[in-house]
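Participant: Please read through the structure below; I'll follow up with questions.
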Amino acid sequence: MKMTGYWSGIICAAGLALSSNVFAYDMHQTSELMSGSSPGVFDNAAQSLAGSGNDAAILQSGIGNEAITVQRGVANNALTLQSGQGNISRILQAGGHHDASIAQYGMGHEASILQTGFGKEASVIQGGVHGSVDVQQLGASRGSPVQIRQFARGQAAIQVIQH
C-alpha cells in the first residue's frame with residue numbers, strides 16, 4: 001500500500017479470536033475516530049484478523065482512499081468498497097475457504113487480492129478511469145472462481161494467476 005502524504009484520516013481495526021466481525025468506515029473523508037482535528041481529505045484503512053469465521057468490511061468515500069485487509073485462518077470474508085479518487089485496495093487471505101470482494105468507482109484504481117490455501121473466491125469491480133487488477137490464488141486453486149468486471153476508460157489491465 002502506498003504510504004505517501006499525511007494520514008489525516010486513518011482507521012485501524014484488529015480482531016484476534018474466533019468469529020470476529022470488523023467493520024471500518026470513513027465516509028466523510030477525514031476520520032471521526034481520530035482524536036483532534038485533522039485537515040485534509042485522505043481516507044486510509046487497515047485491518048488484520050486471525051482465526052476462523054471473520055468478516056471484514058471497509059467502506060470509503062472521498063479523495064485519497066487506500067485500504068488493506070489481512071486475514072489468517074479459515075472461512076474468512078473481506079469486502080472493500082471505495083468511491084472517490086485515489087483508490088488502491090489490497091486483500092490478503094491465508095488459510096482456506098475465503099471470499100474476497102473489491103468494488104472501486106472513480107479515478108486511480110488498482111486492486112490486489114492474494115489468497116493462499118484452499119477453497120477461495122475473488123471478485124473485483126472497477127468503474128472510472130485507470131483500472132488494473134491483480135488476483136493471485138495460490139495452493140489448491142483448481143476450480144476457484146474469479147470474477148472481474150472492469151469499465152475503465154484509461155489504462156485497464158487484468159492479471160489472474162491460479163497455481
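Participant: With a cut-off of 12 Å, note down the residues of segment 86-106 whose backbone N falls inside the zone around a label point 7 Å from the Cα of L138 toward its beta carbon.
Facilitator: 93-95
Participant: In segment 55-97, what % of DSSP beta bridges are antiparallel (nearest 5)?
Facilitator: Restricted to segment 55-97, the bridges split so that about 0 percent are antiparallel.
Coordinate-derived values only; no laboratory data. Bear in mind that the values here come from a model prediction, so they are computed numbers and not experimental data. A quick note on method: Cβ atoms are made from the backbone with ideal geometry, for glycine too, and the neighbour counts reach across all protein chains shown.
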